[in-house]
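What follows draws every value from the coordinates through simple rules; no lab data is involved. Remember, predicted model here, so these are calculated numbers, not experimental data. Backbone-built Cβ (ideal geometry, glycine too); neighbour counts: all protein chains shown.
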Amino acid sequence: MSAVTDKYHDPLMCLLRTPDLAQGFTPEQWNLALGQAEQAQLMGVLASQYQSSLSRLPEIVQQRLAWANSLVEHQQRSVKMALLQLFDALGMYSPMLLKGAAYQVAGTPNVAGRMMADIDILIPKQHLQKAEQSLWLHGWDNRGKTPYDEKYYRAWMHELPPFVHQKTGIVLDLHHHWLPSSCRWQFDINEVFKKASFCAGSPFLIPDIKDLCIHSAIHLLTSGEGDKGWRDLRDLYLLSELTQREHLLARAEQFGLFKPVTKVLLLAEQLFGQEPVSPTVSWSLKAMLPAHSSYQSWQTSGAKMRFYCQAHLLRMPLPLLLPHLMRKAAARYAKA
Amino acid sequence: MLKLAAYPEQVRAALKQQGLFLSLPPFVIQVRCSSNALADYFTRIYANHEFFPQPQVASFNIELKHERGLRRWLKPQIRFYQNEHAPFYSMPESHAPILWEWGLNYCIAAKYHACLTIHAAVVAKNGEALVIPAPPGSGKSTLCALLCSHGWQLLSDEFALIDLSSQQVQALPRPISLKNQSIDVLREYVEKTQSHGRFSAEFLGTSKGRVALYSVPSEQLAQNQQSYPIKRVLFPRYCQGLHCEVTPISPAQCLMQLADNSFNFAVLGQAAFICLAEVVASSHAYSVDYGNFNALLAQLDTLP
């Protein structure tokens with residue numbers, strides 16, 4: 001067993017790094033690992049990892065991985081169907097897929113078993129209003145937000161209020177940029193459109209592989225959600241292997257994002273690279289731990305809080321952020 | 001494996017410590033519970049079920065935990081967790097058994113995708129299954145419990161688990177959850193016939209009113225995991241004062257209604273549709289409005 005992963009405390013990371021160690025797992029370790037995987041949205045990834053050696057695992061493990069597999073297949077089918085409908089609504093506005101949907105259509109190596117919460121699409125800002133109206137006509141609804149939330153999205157964010165399809169319940173985020181308008185980092189998003197291309201069998205634009213990596217990295221930093229951090233860092237690690245490091249960093253430099261991209265790449269390598277370290281070695285890695293009680297400590301909570309605050313400071317400058325957070329807190333208090 | 005009824009002390013200790021590893025094929029369920037209410041229920045109502053004395057890999061990891069704070073001492077509340085996720089509001093501690101039953105239903109409905117799962121009661125006679133899909137409140141459980149006292153065997157009062165390749169329905173017999181007046185109807189019947197059916201305590205003031213769980217006598221249970229071909233599908237509606245009106249419905253309509261009552265029809269996609277198409281092609285479907293159980297029972301024996 002590798003000295004850096006303690007399979008008694010961290011059975012999930014142990015399985016992700018060294019799948020063969022599954023053979024020595026006790027029932028207690030399996031229960032813990034599967035529980036952690038569910039919280040981290042990595043059940044599907046485990047299922048695809050053991051697809052060819054499933055029969056060597058305990059029967060109930062096989063059962064649970066097969067259930068996860070059914071869900072992943074269902075989701076990939078639904079996304080495929082939704083994309084067909086979305087092209088009807090958005091086809092004339094040169095739509096580009098981002099994140100999970102882009103990985104699925106491009107067939108990148110991180111897609112096997114990957115679960116996603118919504119579909120992300122990017123279109124040039126000048127088409128935004130028409131695209132929104134077209135989505136309404138095609139059954140995608142984003143009404144019902146409070147006036148403040150409307151303003152939050154439309155004035156400061158890089159996306160419209162999320163759309164929900166009336167029949168299928170699928171959620172769509174329509175972006176005009178990768179970064180909020182109020183974000184401290186900015187770059188010309190047209191550069192991304194210039195390098196994007198089509199994949200066989202899909203009418204949607206797909207970003208260049210280097211841009212997929214950069215988006216994956218800065219999305220993690222600006223979202224402030226570390227609970228699914230292992231999934232996102234695994235994405236970045238597997239995507240970055242498809243490109244040359246110096247080209248990737250040169251592209252990040254061009255966008256003025258050299259430092260943040262290098263930082264997230266380092267985290268991805270620490271977890272999934274050749275010389276892995278313990279997933280609790282630093283504050284930044286602690287913020288990425290799954291939301292499972294086995295990882296709970298005051299340090300994890302602190303790390304997650306710090307990560308959340310940093311992300312919000314990136315999204316909005318302090319004079320904008322403070323009133324926003326107070327408003328959110330008041331709304332939550334009023335609701336409770 | 002050990003029988004629950006024979007080891008009440010172990011059951012009680014396991015529930016409070018590493019968990020009781022309950023065998024309910026095709027599932028192994030890890031249950032922990034900080035209250036004794038569940039241990040007593042298990043040894044009485046799940047008396048003939050078995051558990052593993054050693055830890056196992058579990059299909060579901062369930063925990064019923066006391067809510068913290070002052071209420072812990074004044075008016076103890078208990079909450080259901082499946083892998084640390086709490087899908088329901090908390091309930092009074094004494095309601096732990098129904099929280100367990102409803103929680104397990106939630107787990108099966110949300111997670112089990114090896115079969116097509118349909119919200120239905122299922123009983124069998126002469127090796128042929130009768131599936132009774134229905135929304136809550138239509139008298140499905142009462143009908144199911146009464147049928148079991150009249151020569152039918154219980155497969156499940158909650159789930160039709162249909163195998164995608166054989167289209168047969170699998171038995172997963174568990175206690176039947178009876179509500180309000182149904183409890184009195186059944187209690188009266190069980191006393192009159194001196195059957196060995198057992199009732200749990202009654203739970204008052206739940207979101208479904210008064211609830212009791214009824215454990216069907218073992219001779220009325222289908223063998224766990226045994227499969228039966230589906231011969232009839234019945235959509236019942238209880239109408240007080242009415243005798244019994246049976247209307248045949250078309251295979252297409254039956255398919256749509258089964259799909260509507262399914263938990264994972266969309267998840268399984270095309271395979272589920274093909275399976276249901278086979279089911280409706282080889283079975284008869286009826287919609288039944290009834291107010292008199294004996295009339296329905298007599299009709300059932302004559303229907304193809």
Taking chain B as the reference, fit the longest principal axis to its C-alpha atoms, fit the long axis of helix B:36-45 to the helix C-alpha atoms, and give the angle between the two in degrees, 0 to 90, nearest 10. 40
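With r defined as the distance between the Cβ atoms of residue B:36 and residue A:294 and R0 fixed at 41 Å, what FRET efficiency is calculated, to the nearest 0.05? Could the numbers behind the result be given before it?
Working: r = 27 Å, r/R0 = 0.66.
E(calc), rounded to 0.05, equals 0.90.
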Running a GNM on chain B with Cα contacts under 10 Å, which residue among B:109, B:272, B:58 ends up with the highest mean-square fluctuation? B:58
Give me the dipole magnitude in Debye, nearest 20, for region B:2-111 about the Cα centre, with unit charges on the beta carbon: positive for Lys and Arg, negative for Asp and Glu. 280
Diffusion coefficient, µm² s⁻¹, Stokes-Einstein with Kirkwood Rh over alpha-carbon pairs of region B:2-111 at 4 °C and 1.567 mPa s: 93
Please identify which residues in region B:275-293 have an amide N closer than 19 Å to a label point set 7 Å out from the Cα of residue B:188, following the Cα→Cβ vector. B:290-293
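Membrane-span-like helices in chain A: DSSP H runs reaching 15 Å or more (Cα, own axis), mean Kyte hydropathy at least 0.0? Numbers along the way, then the final one.
Values: long enough: A:27-39 (18 Å, -0.98); A:59-90 (45 Å, 0.05); A:209-223 (21 Å, 0.87); A:229-240 (16 Å, -0.35); A:258-272 (21 Å, 0.93); A:298-315 (26 Å, -0.49); A:318-335 (25 Å, 0.20).
In chain A, the long hydrophobic H runs are A:59-90, A:209-223, A:258-272, A:318-335.
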Among B:136, B:21, B:96 - extreme Cα towards positive end, dipole of region B:10-145, charges at beta-carbon: B:96
Each label point is 7 Å from the Cα along the Cα-to-Cβ direction; what then is the distance between the points at residue B:2 and residue A:20, in nm? 3.9
From the residues A:223, A:98, A:330, which one has its Cα farthest along the dipole of chain A in the positive direction, the dipole being from +1 and -1 charges on Cβ of Lys/Arg and Asp/Glu about the Cα centre? A:330
Fraction of the pair-distance distribution of chain B above 37 Å, Cα-Cα pairs, percent: 15
C-alpha long axis of helix B:251-260 to longest principal axis of chain B, angle in °: 20
Using a Gaussian network model of chain A whose springs link C-alpha atoms within less than 10 Å, name the residue from A:235, A:88, A:120 with the highest mean-square fluctuation. A:88
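To make sure I understand, if each residue's beta carbon is the centre and we count other beta carbons within 10 Å, what order do B:243, A:219 fall in, fewest to most?
Working: B:243 13, A:219 19.
Least crowded to most crowded, the residues run B:243, A:219.
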Quote the FRET efficiency, to the nearest 0.05, computed for residue B:48 versus residue B:256 with a Förster distance R0 of 35 Å and r equal to the Cβ-Cβ distance. 0.35
Could you check the simple spin-label distance between residue A:112 and residue B:105, using points 7 Å along Cα→Cβ, in nm with one decimal? 4.0
Positive end of the dipole of region A:270-336, charges at C-beta (+1 Lys, Arg; -1 Asp, Glu), about the Cα centre: which of A:316, A:274, A:288 has its Cα farthest in that direction? A:316
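Considering every residue in B:267-277, what mean count of other chain Cβ atoms within 10 Å of its Cβ is obtained?
On the way: counts 8, 3, 5, 1, 1, 0, 0, 0, 0, 0, 0.
If you average over the peptide's residues, the count of other-chain Cβ atoms is 2.
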Treat every Asp and Glu Cβ in region A:195-336 as -1 and every Lys and Arg Cβ as +1, leave all other atoms uncharged, and give the resulting dipole magnitude about the Cα centre to the nearest 20 debye. 720
Subtract the Cα-Cα distance of residue A:28 and residue A:130 from 0.36 nm times their separation in residues, and report this length gain in nm to one decimal. 31.3 nm
Gaussian network model of chain A, Cα within-10 Å springs - most flexible of A:158, A:176, A:74: A:74
Please report how far the C-alpha centroid of region A:113-179 lies from that of region B:1-51, rounded to the nearest whole angstrom. 49
How big is the gap, in Å, between the Cα center of region B:200-249 and the Cα center of region B:257-292? 17
Test of understanding: express the Cα radius of gyration of the protein assembly as shown as a ratio to 2.2 N^0.38 Å, with N the residue count. 1.08
Please state the equivalent ellipsoid semi-axes for region A:91-207: what are the square roots of 5 times the Cα gyration tensor eigenvalues, largest first, in whole Å? 23, 18, 14
What is the spin-label model distance, in nm, from residue A:277 to residue B:294 if the labels are put 7 Å beyond Cα along the C-beta direction? 8.1
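About its Cα centre, how strong a charge dipole does chain A have in debye, to the nearest 20, once Lys and Arg get +1 and Asp and Glu get -1 at the Cβ? Could you put the intermediate results ahead of the total?
Details: 34 positive and 29 negative charges, 169 e Å.
Once rounded to the nearest 20, the dipole reads 820 debye.
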Counting only residues 5 or more apart in sequence or on a different chain, those whose built amide H sits under 5 Å from that of residue B:33 are B:16, B:64
